[in-house]
Amino acid sequence: MQLGLINTLTIDRFTPPGAFLRDSQGNEVLLPKKYVKEEFELEQEIDVFVFKDSEQRIVSTTEKPHLLLGQFTYLKVTQIQPIGAFVDWGLDKNLLVPYSEQIYNLEEEESYLIALKYDDKTDRLYGSMKIKNLLEPCREDLKGQKVDLLICEYNDLGISVIVNKKYDGLIFNSNIIADINHGDEIDGYIEKVRADGKLDVRLEPITVEKYDLAIEKILDRLNRQEKLYLSDKSSPEDINHELGMSKKTFKQSIGKLYKWRKIKLHKNYIELIRQSNQDGKTE
């Protein structure tokens, strides 16, 4: 059986402390009584998470932690102690992030990106902020494709992100067109796969699809309120705040809408042109 993972084990016997489970090699682990369900039977196979309790005894639980061995997610700090920080990972016993595994000082009640790792020398699970060695270089042709992003930390160049839960990516400052915060899980698009396997990421589609989506968003807003107080003179910040798109995308989109006679352009706003049907009514 493996610490830090979900193991499928067989119920061997019931005792006052709980049920003892065994793996295919005959190794045993206790499932404490509070996790033993009435419907459990001898020789039944069940899925449990295996870890060590506060006394460093190997135990199991039917509860699912927020992450498994080799995975990472944002976890909240519950307590700072001389040996490190404890974070809530979804189990009764909090997970220790030793000071040696912290890349900067942590604060209670704040959430940080934490990986679950295993120390084979001490046979213990621990939390770590050092996740780069868990990421792999991208060797896929992802250019232009839609991907899953986990937003990490801001830096001088932009925002560090994790792509599809395994690749290292970056959204450059010039491509940040929406309010995003660390811990957010959002969609993104790959602009470039670098030689070292790192990824340049955008928040808008790379192809013409982005203009279709932008036009649809602008028309939807105008159908609801008829006027949108933005123009080609509006600041990138105002456009981003209102529509979550870049100024370049906005200008090209309203240019297309104007050409198609869908909107009127005014100095400080744009207005929807209502189409008349055969009865002279507007739609």
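Some values worked out for this structure:
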item	result
Every pair of residues 6+ apart whose Cβ atoms lie under 6 Å, when the first sits in the stretch 33-53 and is among the basic types (Lys, Arg) while the second is assigned to a strand (DSSP E or B) and surrounded by 10 or more Cβ atoms within 10 Å (Cβ to Cβ)	Lys33/Gly18; Lys52/Ile58
Answer residue from the stretch 101-141, given it is part of a helix (DSSP H, G or I) and touching a residue at least 12 places away in the same chain (Cβ under 8 Å) and is nearest to Leu5 (Cα to Cα) among those	Leu134
Identity of the residue in the stretch 62-84, part of a strand (DSSP E or B) and of a type in the set (A, V, I, L, M), that ends up farthest from Met129 (Cα to Cα)	Ile80
Set Gly188, Gly183: member being on the phi < 0 side of the Ramachandran plot and of a type outside the set (Lys, Arg)	Gly188
Index of the failed condition, Leu203 passing every other in (1) closer than 18 Å to Lys146 by Cβ; (2) at pLDDT 85 or above; (3) over 24 Å from the mean Cα position of the chain (by Cα)	(3)
Hits in the stretch 148-169 - residues which are surrounded by fewer than 20 Cβ atoms within 10 Å (Cβ to Cβ) and closer than 18 Å to Gln71 by Cβ	Asp148, Ser160, Asn164, Lys165, Lys166
One residue from Val87, Val50, Val59 being of a type in the set (Val, Ile, Thr), out of contact with any Asp or Glu (no Cβ under 9 Å at 6 or more places or on another chain) and over 26 Å from Lys132 (Cβ atoms)	Val50
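The values are calculated or read from the model by the stated rules, or taken from the named source; none is laboratory data. Treat the numbers as computed from the prediction; the structure is a model and nothing was measured. Cβ coordinates were reconstructed from backbone atoms using ideal geometry, including for glycine residues, and neighbour counts include every protein chain displayed.
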